[in-house]
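Written below as structure tokens is the structure these notes are about.
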Amino acid sequence: MPSLGTFAFVLHTHLPYSRHAGRWPHGEEWLYEAACESYIPLLEMLLSLPHDLTTNLTLSLTPVLLEQLASSQVVEGLDAYVNDRTRRASDDVARFEAAGEAQLAALATYYRDWYTDRRAALRDLLSHDLVASYRTLSQQGRLEVISSGATHAYLPLLSRDSSVYAQIRTGLEAHRRNLGTAAEGFWLPECAYRPAQTSDGVRRPGIEEFLAAQGIGFFFAEAHAIEGGTPAANGQELPLPYLRADRISHALLTGSAPTTGYTTARPYLVGSSDVAVIGRNRRLSMQVWSADLGYPGDPAYREFHKKDPVSGLQYWAVSGRGVDLGQKRLYDPPAARARVAAHARHFADQVVSELSRQAETLGDRALVVAAFDTELFGHWWFEGVQWLGVVLHLLGRDNRVTICPIAEHLRQHPPDAAIQLSPSSWGAGGDDRTWNNDLTAHLWSILHRCEREGEELAAEIAPSRRRFVAQAERELLLAQSSDWPFLISTGQAAEYARQRFDSHVERFRLLSRLARAGSLNLADWGFLRAIEARDELFAFLDPDWLTERQGRAD
């Protein structure tokens with residue numbers, strides 16, 4: 001049977017800079033937890049797939065995360081973290097056996113074995129080098145790795161084109177240096193897009209123009225930016241793990257919302273550029289994301305939020321919608337595995353159904369994309385990586401579905417129509433309200449002043465002060481992370497986010513003053529070395545990338 005079209009999983013992988021930023025619940029442990037529960041299992045699954053299986057994932061790796069994972073100190077910390085979790089599970093086995101809690105002891109044994117396997121995978125399969133494993137899978141054609149903004153800045157809210165340029169240029173250079181190849185695609189942080197606009201009498205280029213200037217061929221947008229209708233996120237707050245998508249109506253899930261006549265099943269060139277935009281399919285994405293209808297809410301799956309007060313391990317199941325944490329029943333891994341198989345088959349059938357529907361008008365040119373945060377799989381949804389592996393097996397053996405890198409699909413089926421995109425994101429309301437509101441307005445005011453100061457500083461570089469300028473600009477990029485306003489707006493870690501933002505701004509200003517100082521003493525150089533060691537990333541950063549270029553995309 002001929003192919004109905006192409007299907008692609010797109011996983012967006014990002015954590016903010018967490019080095020030397022404390023431990024639980026944020027800081028470095030944040031990174032180790034995601035690596036242990038999501039990144040390592042995902043790599044294990046991909047490396048274990050049969051070589052004759054047609055399969056591919058598109059994975060965005062944010063440069064700030066890549067730089068952290070490439071650090072030998074982070075790898076050492078990750079190894080220690082996995083050892084600690086293994087020890088906690090072993091201690092729980094003894095504790096529960098002594099208390100006569102046979103079922104809990106069996107679950108603790110399950111966790112002890114699970115963490116032991118992750119430790120073995122990190123050591124033997126991945127050779128303590130996650131970045132090299134991503135690179136290998138990419139070279140084998142099993143993984144399409146795309147890039148993103150250097151520190152995941154919300155690009156439309158940056159006031160200076162120097163900042164937009166530096167975020168993209170730095171990100172692409174980090175990608176090339178870590179993965180050995182140039183990125184063909186780009187994940188806009190928060191799927192945040194803005195078209196060209198006029199500000200203070202100057203035409204500022206659209207985001208696609210910056211991407212085109214760096215040789216990027218495609219990026220992603222939320223469905224409503226292309227199809228119109230009501231955004232998938234409607235402003236209602238959700239409990240974790242549904243961080244960037246809210247409850248949606250039945251009309252949206254079934255595709256009956258009003259549309260513009262455009263479809264997410266085909267790429268479009270953006271404006272007059274050669275850059276394609278690709279929208280994620282609402283129905284398939286929300287089959288997983290939706291708080292009401294998504295798979296992770298199944299009663300059999302492991303409950304994320306309830307943790308043992310001694311070890312912090314999670315021994316309970318979701319148990320049902322609205323069940324109080326105190327009423328959760330114990331987790332049953334075999335029962336969860338059975339649901340994984342059923343949900344994987346259901347999703348694979350939905351993919352074929354959606355491709356069949358789109359093929360009626362587009363033929364085999366149809367491209368259906370389901371996009372998610374990588375950390376959903378394994379971390380928030382414990383069984384998610386297993387589910388993903390089963391789906392890949394099912395679709396990889398189905399001749400009705402083409403599985404190939406998105407860049408390859410675009411080469412085979414070049415976009416033949418253009419679209420004018422409106423400002424949009426994949427946040428609540430489909431706009432910038434999650435990042436720009438009464439709680440965060442002062443952050444943007446500070447950042448905009450720092451952007452101009454950063455331009456002035458970059459223009460004044462003296463060879464003897466270049467290290468001070470480069471580190472100041474790194475601090476500016478770190479302050480621009482979209483995570484800080486996001487965490488403040490959602491209230492998940494507001495004080496932590498404020499402290500992180502303030503600390504990077506303070507370091508930027510101190511380094512800026514030192515770069516302009518008439519003379520420097522040993523203490524000044526010592527301060528620089530301490531900050532370089534603390535915020536150790538983008539060693540290649542060229543301060544010239546942040547010089548004033550308002551109205552220019554190159």
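The values are calculated or read from the model by the stated rules, or taken from the named source; none is laboratory data. Nothing here was measured: the structure is a model prediction, and the numbers come from that model. Using ideal geometry, Cβ is built from the backbone for each residue, glycine included, and neighbour counts are taken over all protein chains shown. When the accessible area is computed, the model is the full protein with side chains, heavy atoms only, and any ligands, DNA or RNA have been set aside. Shrake-Rupley method; radii C 1.70, N 1.55, O 1.52, S 1.80 Å.
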*Over the Cα atoms of the chain, what Rg and Dmax result, in angstrom?*
23.5, 75
*Accessible surface of the chain [probe 1.4 Å, protein heavy atoms]: carbon and sulfur percent*: 49 percent
*asked:* Out of all DSSP beta bridges in the chain, what portion is antiparallel? Express it as a percent rounded to 5.
replied: 25 percent
*Could you tell me, in Å, what Rg and Dmax come out for the Cα atoms of region 1-125?*
18.1, 61
*Let me have the 222 nm mean residue ellipticity of the chain computed from DSSP H runs of 4+ only, each contributing -39500 (n - 2.57), with the sum over all residues rounded to the nearest 500.*
-14500 deg cm²/dmol
*Would you please classify the overall shape of region 383-464 from the alpha carbon gyration tensor, given that a ≥ b ≥ c denote the square roots of the eigenvalues, rounded means a/c under 1.5, and beyond that prolate means a/b larger than b/c while oblate covers the rest?*
prolate
_Calculated log₁₀ intensity ratio I(q)/I(0) where the Debye formula runs over C-alpha points of region 458-530, q = 0.17 Å⁻¹_ = -0.65
*Rank by packing, highest mean first: peptides 149-156, 333-340, with packing defined as the count of other Cβ atoms within 10 Å averaged across residues.*
149-156, 333-340
*asked:* Need one number for region 428-554: average projected area of the convex hull over its C-alpha atoms, nm².
replied: 9.0 nm²
*What whole number of Å gives the distance from the Cα centroid of region 339-381 to the Cα centroid of region 407-421?*
20 Å
*Rounded accessible area per residue of the chain, 1.4 Å, Å²*: 37 Å²
*Rounded to the nearest 0.05, what FRET efficiency is calculated for Q327 and H20 with R0 set to 60 Å and r the Cβ-Cβ distance?*
0.90
*Would you mind pulling out the separation of the Cα centroids of region 49-93 and region 277-322, in Å?*
21 Å
*Listed peptides 179-188, 78-87 by packing density, highest first (mean Cβ within 10 Å)*: 179-188, 78-87
*Considering only protein heavy atoms, with the full assembly of protein chains and a 1.4 angstrom probe, order S159, S424 by accessible area, largest first.*
S159, S424
